[in-house]
Amino acid sequence: MRSDILEETWAERARLLALLERLHPEQWGSRSLCAGWRTREVVAHMTMPFRTTPLRFATGMVRARFSFDRFADRMARADTAAMSDDELLTQLRDNIRHEWRPPGGGEVGALSHDLIHGLDITEPLGLPAPPAQRIAAVLRAAGPRNLAYFGVHLHGKRLVATDAEVSIGDGAPVRMPVKDVLLVVTGRRALTDRDPRRASS
């Protein structure tokens, strides 16, 4: 992985950790942009790669009938039940500089994972977003396969970031902050929804 992407990944984890350390217990239990997950389930999911052995992953995938979404949901709920919020924070704190990469995610896969799920937490809570250029780096690296994963169709629209040099799609331009571009292409908000905190995940 390129050193600059690694540095951005580590910086994003440190930024999110600083925000999470200031949360109240009720905020840990608040709804995230991931359907059915609270803040703590999202943090459990984000830190899962740091503690999941190959055997645990393989066994879990078999039990989930090879559906990663089903496996991830079960793991997030199980880990949340087994670990306190402080323990989840420790998992993030101790692995700021971990070099995990998601299978098939490319060199920006881990950064993309952390940015998307970080927004799942921070948007409903009204917390600061990541730096625009950090988000833009992920969007520039996203290919058709990455975007197709979320099943979002832009229907002839081109999303143009107003705070970074990046656009997604073809057709009539729709201008918005780069954070909102990421939220739209990952299904976190609809083009017609001006408030991403009200979008379905």
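With the requirement that a residue be out of contact with any helix residue (DSSP H, G or I) (no Cβ under 6 Å at 6 or more places or on another chain) and either part of a helix (DSSP H, G or I) or surrounded by 11 or more Cβ atoms within 10 Å (Cβ to Cβ) (or both), what does segment 51-68 give you?
Once the filter is applied, which keeps residues that are out of contact with any helix residue (DSSP H, G or I) (no Cβ under 6 Å at 6 or more places or on another chain) and either part of a helix (DSSP H, G or I) or surrounded by 11 or more Cβ atoms within 10 Å (Cβ to Cβ) (or both), segment 51-68 yields Arg51, Thr52, Pro54, Leu55, Arg56, Phe57, Ala58, Thr59, Val62, Arg63, Ser67, Phe68.
Quick check on segment 117-135. Is at least one of its residues in contact with a Gly (Cβ under 8 Å, 6 or more places away or on another chain), surrounded by fewer than 18 Cβ atoms within 10 Å (Cβ to Cβ) and not aromatic (Phe, Trp, Tyr)? Among the residues of segment 117-135, not one is in contact with a Gly (Cβ under 8 Å, 6 or more places away or on another chain), surrounded by fewer than 18 Cβ atoms within 10 Å (Cβ to Cβ) and not aromatic (Phe, Trp, Tyr), which makes the answer no.
Working only within segment 129-145, note down all residues that are closer than 13 Å to Glu107 by Cβ and either outside any helix (DSSP H, G or I) or in contact (Cβ under 8 Å) with a residue 40 or more places away in the chain (or both). Quick ask: steps written out before the conclusion?
Start the filter on segment 129-145 by keeping residues that are closer than 13 Å to Glu107 by Cβ, which leaves 137-138, 140-143.
The answer is Ala137, Val138, Ala142, Gly143.
Screening Arg93 against (1) surrounded by 16 or more Cβ atoms within 10 Å (Cβ to Cβ); (2) touching a residue at least 12 places away in the same chain (Cβ under 8 Å) leaves a single unmet condition, (1). Taken over segment 143-168, the criterion of being modelled with pLDDT of 90 or more, surrounded by 14 or more Cβ atoms within 10 Å (Cβ to Cβ) and of a type outside the set (Ser, Thr, Tyr) is satisfied by Lys157, Arg158, Leu159, Val160, Ala161, Asp163, Ala164, Val166, Ile168.
So if I check each of Val152, Val184, which one is free of Cβ contacts under 8 Å to residues at least 60 places away in the same chain and part of a helix (DSSP H, G or I)?
Values: Val152 fails: part of a helix (DSSP H, G or I).
Just a single option satisfies the conditions, and that option is Val184.
Can you pull out every residue in segment 16-33 that is in contact (Cβ under 8 Å) with a residue 24 or more places away in the chain and more than 22 Å from Gly106 (Cβ to Cβ)? Break it down stepwise before answering.
The initial filter retains those residues of segment 16-33 that are in contact (Cβ under 8 Å) with a residue 24 or more places away in the chain, namely 16-17, 19-21, 23, 25, 27-28, 30-33.
Within segment 16-33, Leu17, Leu19, Leu20, Glu21, Leu23, Pro25, Gln27, Trp28, Ser30, Arg31, Ser32, Leu33 qualify.
Within segment 187-200, take every residue that is of a type outside the set (A, V, I, L, M, F, W, C), in a loop (DSSP other than H, G, I, E, B) and loosely packed, with under 15 Cβ neighbours inside 10 Å and give me the one that is modelled with the lowest pLDDT.
Narrowing segment 187-200 to residues of a type outside the set (A, V, I, L, M, F, W, C): 187-189, 192-198, 200.
In the following step, the residues that additionally are in a loop (DSSP other than H, G, I, E, B) were identified as 187-189, 192-195, 200.
Then drop every residue that is not loosely packed, with under 15 Cβ neighbours inside 10 Å, which leaves 192, 194-195, 200.
On the way: Thr192: 74, Arg194: 45, Asp195: 42, Ser200: 32.
Among residues in segment 187-200 that are of a type outside the set (A, V, I, L, M, F, W, C), in a loop (DSSP other than H, G, I, E, B) and loosely packed, with under 15 Cβ neighbours inside 10 Å, the one modelled with the lowest pLDDT is Ser200.
The values are calculated or read from the model by the stated rules, or taken from the named source; none is laboratory data. Given the structure is predicted, the values throughout are model-derived calculations rather than measurements. Every residue, glycine as well, gets a Cβ built from its backbone with ideal geometry; the counts of neighbours run over all protein chains shown.
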